[in-house]
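Everything on this sheet refers to the single structure shown next.
The values are calculated or read from the model by the stated rules, or taken from the named source; none is laboratory data. What you see is a predicted model; the values in this text were computed from it and never measured. Cβ: placed from backbone, ideal geometry, glycine included. Neighbour counts: every protein chain shown. Just the protein is used for accessible areas: all its heavy atoms, side chains included, with ligands, DNA and RNA removed. Shrake-Rupley method; radii C 1.70, N 1.55, O 1.52, S 1.80 Å.
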Amino acid sequence: MSLFSLLDQAATRFPDRGAVFRGTEQVSTWAELRARALGLAGAIRASRGPGTRVAVATENCPEIVELMFGIWAAECVFVPLNYKLHPREMADILTDSGADIVFASAKIGAALEPVTDLPRTVIGSDSYAALLDSAPWPPADIDPAALAWLFYTSGTTGRSKGAMLSHRNLMAMTVSHLADFDDPDADCSLVHGAPMSHGSGMYVMPYVLRGARQVIPASGTFDAQEFLDLCGHHPGTAAFLAPTMVQRLVQTGRPCPRNLRTVIYGGGPMYVESLKSAMAAFGPIFVQLYGQGEAPMTITGLRRADHVGADDAVLGSVGYPRSGVEVAVLDADGSLTAVGEVGEIVCRGDVVMSGYWNNADATASTLVNGWLHTGDLGSFDDHGYLTLRDRSKDVVISGGSNIYPREVEEVLLTHPRVEEACVVGAPDPDWGEVVVAFVVGSAGSDELDVHLLERIARFKRPKRYIFIDELPKSSYGKVLKRELRDQL
Ligand code: AMP
């Protein structure tokens, strides 16, 4: 069973219907998409064996769909890089994954030039077009446990970890999506607003299986006006968006396009007031997911109907366990907590990763007795709804992107006039959270900004610097982050 079979089925059922669109323009039919993917697979297998990690570094573009399925037809591993990362961070992932084929957009390919020796094929170039014409690779059956996607999440230690997702994991995710959240057909469309290297890319699979159009905005990024235009243009539209993006839609003041059926939000906290105003503006089209790269998009959720007439406790929760997933809350001893008691959220099921790539220690502390330890704290209520209370890992989630304070702190501390630094998230109605850095030292905010921009992705940069004389510490010498948060 290979994920390629999803595309194969769509191409058999709907060969001549439009499959992939750049904005409003059709790029390929399902039969053409299958042919392009098999050509790419042939090009990959001409020089590489199964299991080769193939990196894809690009803004959202139509070619991601054929690359994904081409890589799977070749029995290789899809390693997408978030285009918002700093080139050095991308280089770390290339090294860690052991990728030896890289497909990149012209812009990202050029940015990678100083940091990697790996040859890059520019997506959309003549040499890329030549690969599509390679002898098609005959798709074969594949062990469902075979690695399909290395999903890179940042670790609290600052080192990126690759969650190993198999064909079985992603098939379970696909089935759960179709069972719980949406029931598209060939008259429907998936519009990619969020990065396809992460959340939005995961939804490609269920919509491809049903022959629903894949629509990639021509801008390659998220623009609320363009997004709404496309949702109005294409039939039966659905999309995955980070909570911040949902807010952007509401801020346009535009009505809900008639064709927009489903907006799946998640990946970060959606505040109740924001959700209510989104529902008031767009109607009952919202679906919430709670998941993480380690259990792709599938731990708990709230369906469309669950939002209708729901009280604040339900709207502020992350819903109930997804089909095929068992979810529990454990106390510090690993015992089940009572209703209402906060503990660590764990889950198990076919969707859960097999471990972290090349990182046995992290795997051992995350997968314990068959349960995935999410690092999130939460509690169940009497009716089985789960509420996230806090994130044990102190991760800051800004605009749907995870930012790990330790990583930003480490870079701040490399500045010669920074003595101490502590990074926390401050609640923000627009971004969910924003990064705030408490700094001890004589450096100014402008020079710290420059220092950070040279070293890490722009979106991880603090929005505010607060200069203080010393950081509050516990008697063990540990910085009291909670006290700093309270100051905000
Ligand atoms: P990632 O692996 O990058 O997708 O990040 C996963 C983390 O995002 C989870 O462990 C949660 O802390 C957070 N998260 C995901 N979905 C939600 C949600 N619906 N509400 C609040 N936080 C969420």
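Data table
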{"read-out": "Test result for Gly425, within 18 Å of Lys84 (Cα to Cα), small (Gly, Ala, Ser), touching a Pro at 6+ places or on another chain (Cβ under 9 Å) and surrounded by 16 or more Cβ atoms within 10 Å (Cβ to Cβ)", "value": "no"}
{"read-out": "Segments classed as helices (runs of 4 or more DSSP H), wholly inside the stretch 1-112, with at least 1 members that are of a type in the set (Asp, Glu), open to solvent by 10 Å² or more (accessible area, probe 1.4 Å) and modelled with pLDDT under 95", "value": "87-97"}
{"read-out": "Condition check for Ser160: buried (at least 20 other Cβ atoms within 10 Å of the Cβ), in contact with an Asp or Glu (Cβ under 8 Å, 6 or more places away or on another chain) and over 23 Å from Leu40 (Cβ atoms)", "value": "yes"}
{"read-out": "Cβ-Cβ under 6 Å pairs, at least 6 apart or on other chains, the stretch 190-210 side among the charged types (D, E, K, R), far side open to solvent by 10 Å² or more (accessible area, probe 1.4 Å) and more than 16 Å from the ligand (Cβ to nearest atom)", "value": "Arg210/Asp185"}
{"read-out": "Scope the stretch 238-275; condition open to solvent by 10 Å² or more (accessible area, probe 1.4 Å), away from the ligand (no atom under 16 Å from the Cβ) and assigned to a helix (DSSP H, G or I); matching residues", "value": "Arg248, Val250, Gln251"}
{"read-out": "Residue count for the stretch 174-227, restricted to those that are surrounded by fewer than 23 Cβ atoms within 10 Å (Cβ to Cβ) and of a type in the set (Lys, Arg)", "value": "1"}
{"read-out": "Residue in the stretch 314-330 that is in a loop (DSSP other than H, G, I, E, B), open to solvent by 30 Å² or more (accessible area, probe 1.4 Å) and either touching a Leu at 6+ places or on another chain (Cβ under 8 Å) or at pLDDT below 95 (or both) present", "value": "yes"}
{"read-out": "Set Leu178, Leu170, Leu228: member being touching a Pro at 6+ places or on another chain (Cβ under 8 Å), over 30 Å from Met1 (Cβ atoms) and in a helix (DSSP H, G or I)", "value": "Leu228"}
{"read-out": "Every pair of residues 6+ apart whose Cβ atoms lie under 7 Å, when the first sits in the stretch 272-293 and is among the β-branched types (Val, Ile, Thr) while the second is open to solvent by less than 10 Å² (accessible area, probe 1.4 Å) and within 11 Å of the ligand (Cβ to nearest atom)", "value": "Val287/Ile264; Val287/Gly301; Val287/Leu302"}
